[in-house]
1. Lysines near residue 302 by alpha-carbon distance under 16 Å, same-chain residues fewer than 8 away left out - which ones?
2. For the chain, modelled as a Gaussian network with Cα springs under 10 Å, which listed residue fluctuates most, 75, 155, 258?
3. Residue 181: net charge of surrounding residues, Cβ under 14 Å, Lys/Arg +1, Asp/Glu -1, itself excluded?
4. Give me the distance between the Cα centres of segment 23-66 and segment 213-233, rounded to whole Å.
5. Which whole-number percent is the relative contact order of the chain (Cα, under 8 Å, 6+ apart)?
6. Out of all DSSP beta bridges in segment 210-340, what portion is antiparallel? Express it as a percent rounded to 5.
7. Tell me whether the chain comes out rounded, prolate or oblate; compute the Cα gyration tensor, take square roots of the eigenvalues as a ≥ b ≥ c, and use a/c under 1.5 as the rounded threshold.
8. In square nanometres, what is one fourth of the surface area of the convex hull spanned by the alpha carbons of segment 302-360?
Amino acid sequence: MGFPRTGNGTVGENVFVIAEIGKNFIQSEAPATDDAYLENAKALVDAAAESGADAAKFQTHTVDDEQRELHVVSPHFSGSDRYTWVKRNADATPLSFWKEVQEHCQKRGILFFTTPMSRGALRKIAPLDPPFWKVSSADVHDHVMLREMLRTKKPIIISTGMVSYKELDATVKYLEDVPELGILYCISQYPAPKESFNLSSIERFAKLYPHAVIGFSDHSLGHEAALAAIKTGARIIEKHFSLSRDFWGSDHKVSMTPKEMETMVKAIRNRSFEHCDASPYMGNPEKELEGATNAFRPYFGKILVAARDLPEESVLDEEAIYAMRPALDDEGMLSNRVEEVLGKKVAKSLKKYDAIISSILH
């Protein structure tokens with residue numbers, strides 16, 4: 001089992017194009033009905049299929065183990081605090097919602113898959129048996145979720161917008177047992193300006209990880225950067241997708257519209273990338289990944305917290321631990337340290353959602 005390919009094997013036809021619908025079925029600040037969200041999602045699937053995309057990708061949330069109830073507003077979206085935004089998404093999308101979306105994708109001949117944003121979200125969507133998983137840039141550090149994901153023995157695609165080369169290398173080693181690994185070069189800016197790109201990283205990824213399928217998760221407007229990435233070696237292209245950039249929400253403003261997606265897909269299949277000038281996007285192959293110092297890391301990073309009330313001397317097993325955003329303070333252990341915590345006892349009682357700190361473990 002691996003990532004699908006289209007066409008007869010030529011490079012242009014073999015690029016896997018993902019319409020990242022994400023949460024774009026939410027389109028207004030005022031809450032809508034669950035039926036309206038579902039109709040929006042189906043309309044987006046229809047548009048993605050008609051635009052020629054290979055896959056419609058969504059994001060799955062369960063607020064209870066993803067976002068701490070703190071007032072935190074991400075710099076890229078001032079329309080809502082993170083807890084309220086994630087809760088709105090989680091409440092609107094029970095498993096029945098995703099089942100209908102998946103069935104609609106099947107009717108339209110487009111692949112359905114999702115980015116689970118926590119272990120709980122992974123467990124929520126797992127009964128639908130998607131063909132592979134996508135891990136967001138911030139969540140490559142979430143070993144609580146990755147441990148669960150590895151047990152599914154499915155291929156995994158990761159984005160690199162919030163990692164350094166050292167962290168990426170550690171993540172690739174952590175995921176060494178997956179059947180197939182996709183690595184997407186990514187700049188986590190919304191939108192990402194031309195001068196921020198360093199597409200030579202794609203060539204470097206290919207040399208460092210020859211077993212992986214290398215791609216590009218593109219947050220820029222237009223498709224010029226995507227074509228340049230394909231010319232550089234990308235075999236997966238992911239673009240945010242919306243019916244309109246004027247809708248309310250976190251990602252509409254950096255999304256491709258259906259007509260733009262159709263134009264990009266045709267350019268890929270017609271091999272127009274062969275004639276594009278990639279040089280403005282290439283940068284320096286020796287440069288550190290932008291993700292090493294990305295401004296969103298504290299907002300989307302996760303710390304380890306108690307998943308339930310834990311009496312003194314409780315043993316920390318996997319079900320006693322959540323990895324939750326944000327990682328704005330220094331009190332909690334980062335989520336990639338869960339292996340250090342498992343099997344330890346807590347020297348004092350913890351309330352649910354209390355941060356787990358190394359000084360209380362023995």
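The numbers here are math on the coordinates, done by the rules we state, and not lab data. Predicted model, so just to flag it, every value in this text is computed and none were measured. Methodologically, a virtual Cβ is constructed for each residue, glycine included, from the backbone with ideal geometry; neighbour enumeration extends over all protein chains shown.
1. Hits, sequence-local ones excluded: 352.
2. 75
3. Result for the neighbourhood of residue 181: +1.
4. If we compute the Cα centre of each part, the gap is 23 Å.
5. Relative CO of the chain lands at 19 percent.
6. Once the DSSP bridges in segment 210-340 are tallied, antiparallel ones form about 55 percent.
7. Cα axes put the chain in the prolate bin.
8. Computed as one quarter of the Cα hull surface, the answer is 3.3 nm².
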